[in-house]
Structures are given as C-alpha cells and as structure tokens.
C-alpha cells in the first residue's frame, strides 16, 4: 500500500548505550500532594443522584478516584462522582 508509513515509538532507551530517559518528578495525581493527610469537606453525588456532603481525610488517590478515611473506613469515590473537595482549615 502506498502512502502508509510505519512509525516505531518507544520510551525505553535502546541497547546501544543511549542515556535513559528522564523520570518525571513530583506527584502524578489530580490533587496537590500537600492535601494528603489533610481534612477535607467532600461533596459528591450518591448512587441515586442525590447530593451528599461529608468530611474525611485524604489518604491517597488512584486512577479510579480519591481514597478517603470517612467515619473510620477507607472509601474510594469515583472521579465521576466527586463534585467538590475543599480543605478544612485546621
């Protein structure tokens, strides 16, 4: 077929002695790393679509959503459910 060009892309250095690629520094999440361990006021939509407001401590985040300690239990809220996250001033 004419007009088709194959392009090989890689993020791994070749074995011919090339220098390794630089690693990304810092947090990779959607929330500032300074928020970890802080108390937050959380607004989200429940399964039935009703708005819910609560507070909790931000433990971590992942591809699915932020992980909180809410009322003593670890809870993951999906990014598609979170409406607001607001720091509580200690």
Please report the relative contact order for the stretch 33-87, taking Cα pairs under 8 Å with a sequence separation of at least 6, and give it as a percent rounded to a whole number.
37 percent
Which three semi-axes in whole Å describe the equivalent ellipsoid of the stretch 33-87, each the square root of 5 times a Cα gyration tensor eigenvalue, listed largest first?
17, 12, 10
The extension gain from residue 31 to residue 79, computed as 0.36 nm times the residue separation minus the Cα-Cα distance, is 16.2 nm
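Every read-out reported here was derived from the displayed coordinates using simple, explicitly stated rules and does not represent laboratory data. As the structure is a computational prediction, the values presented were derived from the model and not from experiment.
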